[in-house]
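Heads up: the structure comes next, in C-alpha cells.
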Amino acid sequence: MPREFEWQEETLGSEDFYREDLEDLLQEGAWKEGFNEWAEYTNLEEEHLRLVSELDLFHALDFYWDPTEDRLRFDAPRISDDWRERDATASLDSSTVSMIDGELDDLGRAVQEVLEDYLERNGYGSDFGLGEETYGDREE
C-alpha cells in the first residue's frame with residue numbers, strides 16, 4: 001500500500017497501482033534518464049550517495065498509479081529514525097538526514113516526470129486514465 005494513498009469508498013478496494021507496467025518503463029530507460037537528470041543538480045556528496053545505496057533507498061522509491069486521483073504518484077523513502085545505530089561510521093546530523101530525504105523527493109519527482117513522458121510516448125494514456133479528460137482531444 002502506498003504511503004500517501006487514501007482508500008476511497010467508491011473504488012471498493014479494486015485499486016490497480018500498475019506497478020508492473022511502471023517497472024517495465026523504468027527498466028526501458030525511464031529510471032536511468034530521470035536519475036541522470038537528477039544527478040546533474042543533486043547536492044548529495046559521494047559519501048551520502050554511498051549511504052543511500054547501502055540503505056537500499058534508491059530501490060525503495062515507489063512509483064504507482066493512484067486510481068482515486070487518476071494520476072502517477074511516488075513515495076520517496078526516508079532515512080529511518082534509527083540511522084545513528086545503523087551506521088555509526090556515517091557523519092550525519094539531523095540537517096544532513098533532512099537534506100538526503102529532500103534529495104530523494106527530488107529524485108522521485110525527476111523520475112516521475114520522465115515516467116509521465118514515457119507513458120505518453122508508449123501509448124499507455126488510456127490504460128492509465130491519461131485520456132481526453134487529462135490532455136484534451138489530441139486529434140484536432
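Using the Karplus equation 6.51 cos²θ - 1.76 cosθ + 1.60 (θ = phi - 60°), what ³J(HN,Hα) coupling, rounded to whole Hz, does each residue of segment 93-105 give in order, writing x for Gly and Pro?
After applying 6.51 cos²θ - 1.76 cosθ + 1.60, I find 10, 5, 5, 5, 4, 5, 5, 4, 4, x, 5, 5, 4 Hz.
Need one number: nm distance between label points at Arg71 and Glu20, each 7 Å from Cα along Cα→Cβ, rounded to one decimal.
That separation, rounded to one decimal, is 2.7 nm.
What distance in nm separates the two pseudo spin-label positions at Ser94 and Arg78, each 7 Å out from Cα along the beta-carbon direction?
1.3 nm
Between Ala39 and Glu120, what is 0.36 nm times their sequence separation minus the Cα-Cα distance? Round to one decimal in nm.
26.8 nm
With r as the distance between the Cβ atoms of Arg109 and Arg50 and R0 = 25 Å, compute the FRET efficiency 1/(1 + (r/R0)^6) and round to 0.05.
Efficiency at R0 = 25 Å is approximately 0.65.
All of the numbers you see were taken from the coordinates with simple rules; none came from a lab. All values reported here derive from a predicted model rather than from experimental measurement. Positions of Cβ are backbone-derived with ideal geometry, glycine not excepted, and every protein chain shown enters the neighbour counts.
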